[in-house]
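Take a look at the structure set out below.
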Amino acid sequence: MEPEEFKQEVSALLPTAVPEEGTEWLTLQVENSDWLSFARSLRKNDRLQMNYLFNLTCVDWKTHLSMVYHLSSTLHRESLCIKVKLDAANPAVESVCGIWKTAEFQEREVYEMFGVNFLNHPDLRLLILPDGWEGKNPLRKDFDDPINMIKL
């Protein structure tokens, strides 16, 4: 599929998605309320078949958080980046581990490191950090580490 055809196909699924310019892959800003249904559409669409979530992470911009999802079609060799803006005070987004199984551990990591609540996640608990670190979110810019004196 040609890049412009790919962009049109993806954009037809969610016309309100805002494309970013100057990126390696097609990158779209998607509203949090649209994310879950859009994710399902990307996976089920016969022409796109975005069947592999190869990365998800979070970025703390101090004023808000952004979830960043990297998707790929192993059949068509197309990649896509989706960004979802979250409220920094109460970051929550629907889990996509029911759509892409690879999201399960990645969502747990973002949960413990950034404090993002993944709604309807089947096993949202600490993955890496030891007990007692619940809610500390060490990759947030407001994290205060008095022992190592880290302040961002």
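FYI, it's all coordinate maths here, none of it is from the lab. Treat the numbers as computed from the prediction; the structure is a model and nothing was measured. Every residue, glycine as well, gets a Cβ built from its backbone with ideal geometry; the counts of neighbours run over all protein chains shown.
Would you point out the residue of segment 18-72, among those that are over 18 Å from S95 (Cβ atoms) and touching a Cys at 6+ places or on another chain (Cβ under 6 Å), that is surrounded by the fewest Cβ atoms within 10 Å (Cβ to Cβ)? If you could, list the steps in order and put the result at the bottom.
Kept after step one, since they are over 18 Å from S95 (Cβ atoms), are these residues of segment 18-72: 18-29, 45-49, 59-64, 72.
Filter once more, so that each one left must be touching a Cys at 6+ places or on another chain (Cβ under 6 Å): 25, 27.
Details: W25: 15, T27: 19.
By that ranking, first place goes to W25.
Any chance you could count how many residues in segment 1-15 are surrounded by 12 or more Cβ atoms within 10 Å (Cβ to Cβ) and assigned to a loop (DSSP other than H, G, I, E, B)?
Summing the residues that are surrounded by 12 or more Cβ atoms within 10 Å (Cβ to Cβ) and assigned to a loop (DSSP other than H, G, I, E, B) in segment 1-15 gives 2.
Identify, by number, the condition in (1) surrounded by fewer than 19 Cβ atoms within 10 Å (Cβ to Cβ); (2) assigned to a strand (DSSP E or B) that L126 doesn't meet.
Failed condition: (2).
Taking only pairs six or more apart or across chains, which ones have beta-carbon atoms under 8 Å, a first residue in segment 83-102 that is more than 14 Å from T63 (Cα to Cα), and a second residue that is buried (at least 17 other Cβ atoms within 10 Å of the Cβ) and charged (D, E, K, R)?
S95/E107; V96/E107; C97/E104; C97/E107; I99/R43; W100/R43
Suppose we filter segment 22-37 for residues that are hydrophobic (A, V, I, L, M, F, W, C) and either under 21 Å from H64 (Cα atoms) or touching a His at 6+ places or on another chain (Cβ under 6 Å) (or both); how many remain? Break it down stepwise before answering.
Filtering segment 22-37 down to residues hydrophobic (A, V, I, L, M, F, W, C) leaves 25-26, 28, 30, 35-36.
Adding the requirement that they be either under 21 Å from H64 (Cα atoms) or touching a His at 6+ places or on another chain (Cβ under 6 Å) (or both) leaves 28, 30, 35-36.
So the count comes out to 4.
State the number of residues belonging to segment 16-42 that are in a helix (DSSP H, G or I) and of a type in the set (S, T, N, Q). Can you show your working first?
Residues of segment 16-42 that are in a helix (DSSP H, G or I), as a first pass: 32-42.
Remaining after also requiring of a type in the set (S, T, N, Q): 32-33, 37, 41.
The number of residues fulfilling the criteria is 4.
Determine whether segment 77-88 contains at least one residue that is under 15 Å from F118 (Cβ atoms) and among the acidic types (D, E).
Checked against the condition, which is being under 15 Å from F118 (Cβ atoms) and among the acidic types (D, E), segment 77-88 yields at least one hit.
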